[in-house]
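I have placed the structure first, in the form of structure tokens, so that the comments after it can refer back to it.
The values are calculated or read from the model by the stated rules, or taken from the named source; none is laboratory data. Since we're looking at a predicted model, the values are computed, not measured. Backbone-built Cβ (ideal geometry, glycine too); neighbour counts: all protein chains shown.
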Amino acid sequence: MAWRPTGAATGSYCRHTPFGATDRHLTRTTDNYRYTTDKPLRWAALRAESSQLTSLEQQIHGANSVTIYVDADACPVKAETLKVAERHGVNVIYVSDGGVRPMHNPLAQIVVVAQGADAADDWIVERIAPGDICVTGDIPLADRCLKAGATALRHNGEVFTQANIGNLLATRDLMADLRSANPLSQVGGGRAFSKADRSRFLEALERELRRV
């Protein structure tokens, strides 16, 4: 399985299955991208496509001082992120291990990584830079982004900071321990995402982009 740009250099990516490839057998993983086939892979072509993606990433960081990375699995503010990014001409990269609907916008890109624990998180952390923004509800990922010098923003508009990340991690671990001790409990279930949360997110992302 390979990734090819559908449009301009900063266009979105769509999934193609070249050389008669299918999803039946996972043969090997290259640069965190999942290639599946039941026929011999043409590695020269795959390496060329991988180089093309690397070149695209370099163009993105060269063209804009800020890139927004979205931890896209189960993210309720994908459209809102792009809406705010458009006003500032900022690129948005949606990273997922389960797939995201194509977005026909030159500022939006979709990257699907190999399935596995923390695969999407690792992809983001390896590329995020100081001044970039990560949109995520994952507290450990937010912590890693902060350590990289980036900003991390929750779906409800809460900004992860060095001042609050320690307590958030400790609370998360405590809730995980309680659920593990009593799998039938409703501890830490959380509340439903609301319109107010959506509005706070829009305001927070706008504020962060103006700041940088």
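Do you know which residues across the range 122-131 are over 12 Å from residue 72 (Cβ atoms), out of contact with any Lys or Arg (no Cβ under 7 Å at 6 or more places or on another chain) and touching a residue at least 12 places away in the same chain (Cβ under 8 Å)? Walk me through it before giving the result.
First, pick out the residues of the range 122-131 that are over 12 Å from residue 72 (Cβ atoms): 122, 125-131.
Pick out the ones that are also out of contact with any Lys or Arg (no Cβ under 7 Å at 6 or more places or on another chain) and you get 122, 126-131.
Selection gives 122, 127, 128, 129, 130, 131.
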Exercise for review: Among the residues of the range 50-101, write down those that are modelled with pLDDT under 90, in a loop (DSSP other than H, G, I, E, B), over 14 Å from the mean Cα position of the chain (by Cα) and of a type outside the set (Ser, Thr, Tyr).
Suggested key: 64
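Which members of the range 180-196 meet the condition of being assigned to a helix (DSSP H, G or I) and either at pLDDT 75 or above or under 27 Å from the mean Cα position of the chain (by Cα) (or both)?
Just the residues of the range 180-196 that are assigned to a helix (DSSP H, G or I), to begin with: 180-181, 195-196.
Within the range 180-196, 195, 196 qualify.
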